[in-house]
Amino acid sequence: MKKIMVGNHAVSWGVMLSRAEVISAYPITPQTTIVEELSVLCADGRLKAKFIPVESEHSAMACCVGAAAAGVRTFTATSGQGLALMHEMLHWASGARLPIVMATVNRALGSPWNIWGEQTDSLSQRDTGWLQLYCESNQEVLDTVIQAFKIAEEISLPVMLNLDAFFLSHTAEPVEIPEQSLVDDFLPPYQPEFRLDPKNPHSFGCMTPPEYYMEFRYKIQQSMLQGKAVAQQVDDAFGRVFGRKYGLIEPYRCEGADLILITSGAIASTARVVVDNLREKGRKVGMVKVRLFRPFPKDELLEILRQVEKVAVVDRNVSFGVGGIFAHEMRAALCNEKVRPAIFSYIAGLGGRDVTPPVLNDVIYQTYKRQEPEAQSVWVGMRS
Amino acid sequence: MYERRELMYAGHQACAGCGATMSMRYALKALGEKTILVIPACCWSVLAGPFPYSALQVPVIHTAFETGASTASGIKAGLEMRGDTETTVAAWVGDGGTFDIGIQALSGAAERNDDIMYFCYDNEAYMNTGIQRSSATPFGTWTTTTPANHPKGQPKKNMMEIMAAHRIPYAATCTVAFPEDMMRKISKAKAIRGTRFIHIYSPCPTGWKAPSSLSVKIARLAVHTKIFPLYEVEGGERYNINVDPKNLPVDEYLRLQGRFAHLTDDEVHTTQETVDREWERLVKKALD
Ligand SMILES: Cc1ncc(C[n+]2csc(CCOP(=O)(O)OP(=O)(O)O)c2C)c(N)n1
Ligand SMILES: [Mg+2]
């Protein structure tokens, strides 16, 4: 069945199909309609879940931690300020090894107030022990929710999927709704290995001294690394059942390219058009969409980029004092490679500014023109 | 009627004379083994024992400082989805985690009337971090952030009134000097559905600069000086005072504790006046 739906409802329907059991969330633009739709689905019984309308995002994540520790499938969603407020509990969720799934509708952070798209909110959470996936279309959003639960439960770590404010969250697209019975086969009920159970009492998260703490951390790192292979397997299996797969990264027309554009989220759609146009004009330009950000898909990227001369990374985010965050991660990931491309870093589209084809053309033009990357990220699409 | 077995082992990490530890022992006797405890940051995060030990024989989840109520709400929802409607989910939180940093989450849970029991063991300061003032610290108290030459200038926040204003089904005060009263209230609360609030006055010899042998005596004096009256509030409206205080002067209570040693006669007088006024208010509500 195909339905026309906005990205936010694609999230809600993904959650319904995944049969989440406890949902706790707090409204914030542009995430709000995810929560509204979920409360309707819970109220009319299409989704048999408890919906806890908490008084803050901090409590939303704490509720998810409690529910997941009690042994049920758990979901929340937020944006920008809400995610920032949750920060403490994001560490708690991964530290407690709870497979919570969260949708983040990427929104710029204040001050000044801005409700539009930017990834600095989720990327500021990159060290919290959550896997992070970035989506390009509403179909990918719905499919990724289902995949996220499967990955999370396999490796006992929480997963965050990200979608762009408004460009996806509030834009309607046709979305193929998977058959419930197929989803049920793909994602059987959650069977926790450990849970809070008076018949089998255990203490979770107690004071853990230096003699023990480090091994818990090491295990998280191991699971996180394993998460890459698991995300790949889950995507492959999803593809076999539902006929759609996305990869950890997606190369687009990279054959024989001398310059590859790297981006994520909805900008990737614009980049495809730009690449098509330039290819038509004989330019050897390709694009790679990075879908998995944590764990960072270094080997997969390297395989595509090794032979390319120049890579231009377009970041809709910024780490002040460093620059574009994807570019920074790319540089860090490739720095020990003998043969590696020069990485040019561009910042575009902050606070929801449109990243139009002319902006991306400018990025490509500048990258061709420059011999060496600038030390700092180059800001494009600025007011003159 | 109460669990004869001890659900708390002796090998906990508390100071001698710790009221919070006695409180836990009595509470677990009343709650029984079908209980899940939620412990946010507080002395009890340490008392329960370091990994891989636990001083408690019920499942415990440790959680962040301000999330006692919200974590408990999540657990309750999770248990219900698993078909378990019997297990009591009990948040066990200090005064700082209740009166201060966790009040928002607690108010949220109470407003939703989530089916949890919320215990505040009140030692009238942040003891875990070394005796800093909280909004549960009484007027005139020395703490490490309210030095004796500039003691706390504000009275204790009335948390019971705040909880009563949420019109939750049950709220009660109790203390370790009256264990039967405490266990009766906890058992009664356990049988009620919705948010239940139990405020336990828990002496802290370390933070109060009092001999550890006097914890229970100090708790008894708190009741008999009317500083900490024992009462219940049902539905946020029906007040019931459970122990008639002997009406002792507050000085008898204050002088046993080093945290009040600097108080002038005037300040003791101010405390007495406040206590008398609060007591009259409470009596009026109980007569209503
Ligand atoms: C967000 C956050 N801020 C501060 C702390 C540090 N901290 C841990 S316990 C505590 C005081 C707890 O006081 P209370 O709730 O009264 O419990 P008590 O220690 O007295 O038993 C503080 C400030 C923390 N763990 N988390
Ligand atoms: Mg305290």
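Have a look at A:Pro209, A:Pro198, A:Pro251, A:Pro174 and point out the one that is over 25 Å from A:Gly71 (Cβ atoms) and within 14 Å of chain B (Cβ to nearest Cβ).
Of A:Pro209, A:Pro198, A:Pro251, A:Pro174, the one residue that is over 25 Å from A:Gly71 (Cβ atoms) and within 14 Å of chain B (Cβ to nearest Cβ) is A:Pro209.
If you check B:Ala91, B:Ala136, which single one turns out to be touching a residue at least 24 places away in the same chain (Cβ under 8 Å) and within 11 Å of chain A (Cβ to nearest Cβ)?
Details: B:Ala136 fails: within 11 Å of chain A (Cβ to nearest Cβ).
Within the list B:Ala91, B:Ala136, the selection yields B:Ala91.
Can you go through B:Val275, B:Val250, B:Val223 and tell me which one is within 26 Å of B:Gly17 (Cβ to Cβ), modelled with pLDDT of 95 or more and touching a Leu at 6+ places or on another chain (Cβ under 7 Å)?
Result of the check over B:Val275, B:Val250, B:Val223: B:Val223.
Check off (1) assigned to a loop (DSSP other than H, G, I, E, B); (2) farther than 20 Å from A:Ser12 by Cα for A:Val72 and give me the number that stays unchecked.
Evaluating A:Val72 over (1) assigned to a loop (DSSP other than H, G, I, E, B); (2) farther than 20 Å from A:Ser12 by Cα leaves (2) as the failure.
Among the residues of region A:39-53, count how many are touching a helix residue (DSSP H, G or I) at 6+ places or on another chain (Cβ under 6 Å), within 13 Å of another protein chain (Cβ to nearest Cβ) and over 11 Å from A:Thr76 (Cα atoms).
Count: 3.
In this structure, is B:Glu86 of a type in the set (Asp, Glu), part of a loop (DSSP other than H, G, I, E, B) and either within 14 Å of ligand 2 (Cβ to nearest atom) or more than 7 Å from chain A (Cβ to nearest Cβ) (or both)?
Details: of a type in the set (Asp, Glu): yes; part of a loop (DSSP other than H, G, I, E, B): yes; either within 14 Å of ligand 2 (Cβ to nearest atom) or more than 7 Å from chain A (Cβ to nearest Cβ) (or both): yes.
So B:Glu86 passes the test.
Of these, B:Ser70, B:Ser45, B:Ser54, which one is within 13 Å of chain A (Cβ to nearest Cβ), over 23 Å from B:Lys185 (Cβ atoms) and touching a residue at least 60 places away in the same chain (Cβ under 8 Å)?
Result of the check over B:Ser70, B:Ser45, B:Ser54: B:Ser45.
Filter region B:147-183 down to the residues that are in a helix (DSSP H, G or I) and in contact (Cβ under 8 Å) with a residue 40 or more places away in the chain and list them by number.
B:Met159, B:Met160, B:Ile162, B:Met163, B:Ala164, B:Ala165, B:Pro179, B:Asp181, B:Met182, B:Met183
Starting from region A:191-218, take each residue that is among the aromatic types (Phe, Trp, Tyr) and list its partners that are outside any loop (DSSP other than H, G, I, E, B), counting only C-beta distances under 8 angstrom and pairs at least six apart or across chains.
Here the result reads A:Phe194/A:Phe204; A:Phe204/A:Ala69; A:Phe204/B:Val60; A:Phe204/B:Ile61; A:Phe204/B:His62; A:Phe216/A:Gly95, each pair linking region A:191-218 to a residue that is outside any loop (DSSP other than H, G, I, E, B).
Which one of these does B:Ala77 not meet: (1) assigned to a strand (DSSP E or B); (2) more than 16 Å from ligand 2 (Cβ to nearest atom)?
Unmet for B:Ala77, out of (1) assigned to a strand (DSSP E or B); (2) more than 16 Å from ligand 2 (Cβ to nearest atom): (1).
Could you name every one of the strands (runs of 3 or more DSSP E) located completely within region A:242-348 that has at least 2 residues being in contact (Cβ under 8 Å) with a residue 40 or more places away in the chain? Reasoning before the result, please.
Details: elements: A:249-252, A:259-263, A:285-290, A:292-294, A:310-315, A:342-347.
Where strands (runs of 3 or more DSSP E) fall fully within region A:242-348 and carry at least 2 residues being in contact (Cβ under 8 Å) with a residue 40 or more places away in the chain, they are A:249-252, A:259-263, A:285-290, A:292-294, A:310-315.
Determine which member of the set B:Phe197, B:Phe228 is crowded, with 21+ Cβ neighbours inside 10 Å and assigned to a loop (DSSP other than H, G, I, E, B).
Working: B:Phe197 fails: assigned to a loop (DSSP other than H, G, I, E, B).
Only one candidate passes the filter, namely B:Phe228.
With the requirement that a residue be aliphatic (A, V, I, L, M), at the interface with chain B (Cβ under 9 Å from one of its Cβ atoms) and closer than 20 Å to A:Val159 by Cα, what does region A:54-78 give you?
Of everything in region A:54-78, those that are aliphatic (A, V, I, L, M), at the interface with chain B (Cβ under 9 Å from one of its Cβ atoms) and closer than 20 Å to A:Val159 by Cα turn out to be A:Ala60, A:Met61, A:Ala62, A:Val65, A:Ala67, A:Ala68, A:Ala69, A:Ala70, A:Val72.
Could you figure out which of (1) out of contact with any Pro (no Cβ under 7 Å at 6 or more places or on another chain); (2) surrounded by fewer than 23 Cβ atoms within 10 Å (Cβ to Cβ); (3) touching a residue at least 40 places away in the same chain (Cβ under 8 Å) isn't true of B:Pro211?
Every condition holds for B:Pro211 apart from (1).
Can you tell me which residues in region A:72-90 are under 22 Å from B:Thr63 (Cβ atoms) and surrounded by 23 or more Cβ atoms within 10 Å (Cβ to Cβ)?
A:Val72, A:Arg73, A:Thr74, A:Phe75, A:Thr76, A:Ala77, A:Thr78, A:Gly82, A:Leu83, A:Met86, A:Met89
May I ask you to list the residues in region B:100-128 that are within 11 Å of ligand 1 (Cβ to nearest atom), surrounded by 24 or more Cβ atoms within 10 Å (Cβ to Cβ) and not in a strand (DSSP E or B)?
B:Gly102, B:Asn123, B:Glu124, B:Ala125, B:Met127
From A:Arg306, A:Arg316, which residue is closer than 17 Å to A:Glu250 by Cα and assigned by TED's automatic domain parsing to the domain that holds A:Lys284? If you could, list the steps in order and put the result at the bottom.
Details: A:Arg316 fails: closer than 17 Å to A:Glu250 by Cα.
It is A:Arg306.
At least 1 residues that are in contact with a Ser or Thr (Cβ under 8 Å, 6 or more places away or on another chain) and within 18 Å of A:Phe296 (Cβ to Cβ) in each: list the strands (runs of 3 or more DSSP E) lying fully within region A:120-228 that qualify.
A:131-134, A:159-164
The values are calculated or read from the model by the stated rules, or taken from the named source; none is laboratory data. Small disclaimer: the values here were computed from a predicted structure and weren't measured. Cβ coordinates were reconstructed from backbone atoms using ideal geometry, including for glycine residues, and neighbour counts include every protein chain displayed.
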